[in-house]
Structures are given as C-alpha cells and as structure tokens.
Amino acid sequence: MYEAHLRPLQSVKNAAARLITGKRKFDHIASTIRDDLHWLPVRQRILFKLCSLVSKCIRRGAPSYLSDLCAPVSATTAHSSLRSSSRGDLMIPRSRLSRYGSRSFAVCGPTAWNSLLAAVRDFSSSSSSSCFCSHLKTELYRGACGVDSV
C-alpha cells in the first residue's frame, strides 16, 4: 500500500480522535490513539478487514465469488506435498497487471492471510468469528506498536 494514499486517511482518523478526546489541533494524538482508544493505524486496519474477510471466505461465510478466490494450497493435487499445504497457506495467483494486479482481493487477500502467524490462523477454524477478530487485532496492534509477538 502506498503511503501517499494512506496519509489522508490517517489524518482523518487523527482528527476524529482529537474530536473524541477533546485535544487541540496541534496536540500529539498518536499515543492517545494507541493507549486510550486502542485504534489500529490505517495500514493495520486495512489488514484487519482483509484478513477477517478471508477468514469468512475460508469458513464459507462470504459470498461464493469471494470464497472461490481463497483456495488452500492443499486443494490442488500438484501442490499437496508442499510445506505450504501443511501450514494451511492459500494459493496466490499470478497477476499479469503490474500496477493493479497485486491490489486485487485474489492476490492481496491470500498474501495477507499467509503472512499471519499460524497461531492466529488457527483461531479462524477452531473458534468463533469474534474470538478470531480479537486475536487478529491483538497481533496487528503488537506489530503496529513494535512489540514482539508471544
């Protein structure tokens, strides 16, 4: 994701946080967003939404046109003996478009899912959606704050 596209969104989020907390225009807001409001930065919020949608696709809770894009590596017989099939990774199709191909859900959804820790991915299949989202947000929050994962 390009920083130039995310910066205006983060500015709007910062303004909303200032409005909620009653801070002035030039007061620092990053620590308030992190410590008091527990909001994820825009980049991590996008990953959160993307991974939660992929989780719904895997559990077949999403429309079929999206669920069909999230195929496990183990579903293909030619790839069933790969290490990624035992980890539960998803197939990432090749994109022919250099500019927008990697931004499509078919590519960035499985890429974001494969980048998650196995412990977080395991919550998707074994527990409720709210439990998975809670663990996912915790993991993304740790990554945004620079705290090592447990």
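The values are calculated or read from the model by the stated rules, or taken from the named source; none is laboratory data. Just so it is clear, the structure is predicted and the values come from calculations on it, not from any experiment. Note that we place each Cβ from the backbone using ideal geometry, even for glycine, and neighbour counts take in every protein chain shown.
Given the criteria over 20 Å from R103 (Cα atoms), among the basic types (K, R) and surrounded by fewer than 17 Cβ atoms within 10 Å (Cβ to Cβ), does K23 qualify?
So K23 fits the description; yes.
Please find, within the stretch 26-39, the residue that is farthest from L136 (Cα to Cα) out of those that are in contact (Cβ under 8 Å) with a residue 24 or more places away in the chain and surrounded by 13 or more Cβ atoms within 10 Å (Cβ to Cβ).
In this case the residue turns out to be R34.
Restricting to the stretch 91-104, what's the tally of residues that are within 17 Å of R43 (Cα to Cα) and either in contact with a Leu (Cβ under 6 Å, 6 or more places away or on another chain) or not in a helix (DSSP H, G or I) (or both)?
Taking the stretch 91-104 first, the residues within 17 Å of R43 (Cα to Cα) are 102-104.
Imposing the further condition that a residue be either in contact with a Leu (Cβ under 6 Å, 6 or more places away or on another chain) or not in a helix (DSSP H, G or I) (or both) reduces the set to 104.
Number satisfying all stated conditions: 1.
Looking at this structure, is S125 polar (S, T, N, Q), within 30 Å of S31 (Cα to Cα), at pLDDT below 85 and assigned to a helix (DSSP H, G or I)?
Working: polar (S, T, N, Q): yes; within 30 Å of S31 (Cα to Cα): no; at pLDDT below 85: yes; assigned to a helix (DSSP H, G or I): yes.
Considered against the rule, which asks whether it is polar (S, T, N, Q), within 30 Å of S31 (Cα to Cα), at pLDDT below 85 and assigned to a helix (DSSP H, G or I), S125 comes out as no.
Take the conditions in contact (Cβ under 8 Å) with a residue 40 or more places away in the chain, assigned to a helix (DSSP H, G or I), surrounded by 10 or more Cβ atoms within 10 Å (Cβ to Cβ) and of a type in the set (A, V, I, L, M) and apply them to V54. Does it pass? Write out each step before concluding.
Working: in contact (Cβ under 8 Å) with a residue 40 or more places away in the chain: yes; assigned to a helix (DSSP H, G or I): yes; surrounded by 10 or more Cβ atoms within 10 Å (Cβ to Cβ): yes; of a type in the set (A, V, I, L, M): yes.
Yes, satisfied.
Against the condition over 13 Å from the mean Cα position of the chain (by Cα), modelled with pLDDT under 85, surrounded by 11 or more Cβ atoms within 10 Å (Cβ to Cβ) and basic (K, R), how does R99 come out, does it pass?
Details: over 13 Å from the mean Cα position of the chain (by Cα): yes; modelled with pLDDT under 85: yes; surrounded by 11 or more Cβ atoms within 10 Å (Cβ to Cβ): no; basic (K, R): yes.
Spelling it out, it is not the case that R99 is over 13 Å from the mean Cα position of the chain (by Cα), modelled with pLDDT under 85, surrounded by 11 or more Cβ atoms within 10 Å (Cβ to Cβ) and basic (K, R).
Kindly establish whether C70 is in contact with a strand residue (DSSP E or B) (Cβ under 6 Å, 6 or more places away or on another chain) and either surrounded by fewer than 16 Cβ atoms within 10 Å (Cβ to Cβ) or at pLDDT 70 or above (or both). Can you show your working first?
On the way: in contact with a strand residue (DSSP E or B) (Cβ under 6 Å, 6 or more places away or on another chain): yes; either surrounded by fewer than 16 Cβ atoms within 10 Å (Cβ to Cβ) or at pLDDT 70 or above (or both): yes.
Spelling it out, C70 is indeed in contact with a strand residue (DSSP E or B) (Cβ under 6 Å, 6 or more places away or on another chain) and either surrounded by fewer than 16 Cβ atoms within 10 Å (Cβ to Cβ) or at pLDDT 70 or above (or both).
Any residue in the stretch 43-58 that is on the phi > 0 side of the Ramachandran plot and of a type outside the set (S, T, N, Q)?
Filtering the stretch 43-58 down to residues on the phi > 0 side of the Ramachandran plot leaves none.
Within the stretch 43-58, not a single residue is on the phi > 0 side of the Ramachandran plot and of a type outside the set (S, T, N, Q).
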